[in-house]
Amino acid sequence: MSGEVSRSVFGVIAAFFVLLFCAAVPGHAKEPGLSPPPAVKMAIEPIEIVTASGAHRLRVEVARTSDQRERGLMYRASLPADGGMLFDFHEERPVAMWMKNTPLSLDMVFVSRAGKVVSLALAAEPYSERVISSGGPALAVIELAAGAAQRLSIAVGDTVKHPIFTR
């Protein structure tokens, strides 16, 4: 009996140290609910944003399906400087986004059917469930790493060139 108790106590102590290790070592601790579902494959396509500082070519993943839009950039730890994601909503309407399960701070560029920037949300807070609204009708949203909109001088009224804006 005392052998069983000793093994039991040892098991509890060992479990405690495993939990302590996981919390202390970077990369082992996880945000609650951050167990990512399998990635959804998306096409990578060129996009051009024409601003006061010139034309800027980027390569973005395109989220066309509801599964792709729902997943978005959740669970991503980084984005290339010339990359991002284009969310195609297939119809122009008010759009709402959030940052749930998204560890990156992002700039959101809301774009009309005509390919015009209608609003911006800069440096969205990681993991936030606060709703970020387009403030009016938008066909698409471009998500970029925080700071990219300022670096590229993106402003309301700028033009975005991609095939979804010409259909």
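The values are calculated or read from the model by the stated rules, or taken from the named source; none is laboratory data. Treat the numbers as computed from the prediction; the structure is a model and nothing was measured. Cβ: placed from backbone, ideal geometry, glycine included. Neighbour counts: every protein chain shown. Note: accessible area is taken over every heavy atom of the protein model, side chains too, but ligands, DNA and RNA are not part of it. Shrake-Rupley method; radii C 1.70, N 1.55, O 1.52, S 1.80 Å.
Put simply, the amide H of Met74, placed in the peptide plane, has no neighbours under 5 Å, leaving out anything fewer than 5 places away on its chain. Per atom type, the range 56-167 shows carbon and sulfur on 52% of its accessible surface, probed at 1.4 Å.
The eigenvalues of the Cα gyration tensor, multiplied by 5 and square-rooted, give the range 36-141 an equivalent ellipsoid with semi-axes of 20, 16, 15 Å from largest to smallest. For the range 70-128, the square roots a ≥ b ≥ c of the C-alpha gyration tensor eigenvalues yield an a/c of 1.5 or more together with a/b exceeding b/c, which makes the shape prolate.
Length gained on full extension, Ser53 to Ser133, computed as 0.36 nm times the residue gap minus the Cα-Cα distance: 26.2 nm. In this structure Ser53 has an accessible area near 70 Å², from a 1.4 Å probe over the protein heavy atoms. For Ala145, nonlocal amide neighbours, meaning residues 5 or more places apart or on other chains whose placed amide H falls under 5 Å from its own, are Asp107. Restriction of the GluC sites (Glu not before Pro) in the range 66-167 to DSSP coil positions whose beta-carbon has at most 10 other beta-carbons within 10 angstrom yields Glu129. Other residues whose C-beta falls under 15 angstrom from the C-beta of Glu48 contribute a net charge of +1, scoring Lys and Arg +1 and Asp and Glu -1.
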